[in-house]
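Structure first, then comments.
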Amino acid sequence: MATAPKQQYKLIGKNFVVPDVVAKVTGRAKYVEDFRADGMVFCKTLTSPIPHAKIRSIDTSEAIKMPGVRNWAG
């Protein structure tokens, strides 16, 4: 019976230092939350308080009245 060739792993069993470790530890690393652009739109996820519930509609009328709220649903 033939055996599969042994795979060569580069990192298993060896010390490995990620290239951005110093930036992360010192706080200089940039994450997605660190970037802002003019006109950027933020969103908030609304989840159901009832597990496995089928959400038929959401009344957004009060939210739309607030300044800065955009209606992307059409």
Practice problem: Report the residue count in the range 23-61 for those that are aliphatic (A, V, I, L, M) and not in a loop (DSSP other than H, G, I, E, B). | Solution: 3
Exercise. Determine whether the range 32-51 contains at least one residue that is farther than 30 Å from G68 by Cβ and modelled with pLDDT under 90.
Key: yes
Quiz item: What number of residues within the range 5-31 satisfy the criterion of being within 30 Å of G68 (Cβ to Cβ) and among the polar types (S, T, N, Q)?
Solution: 0
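The values are calculated or read from the model by the stated rules, or taken from the named source; none is laboratory data. Fair warning: this is a prediction, and the values are worked out from it, not measured in the lab. Neighbour counts are summed over all protein chains in view; Cβ atoms, including those assigned to glycine, are modelled from backbone coordinates with ideal geometry.
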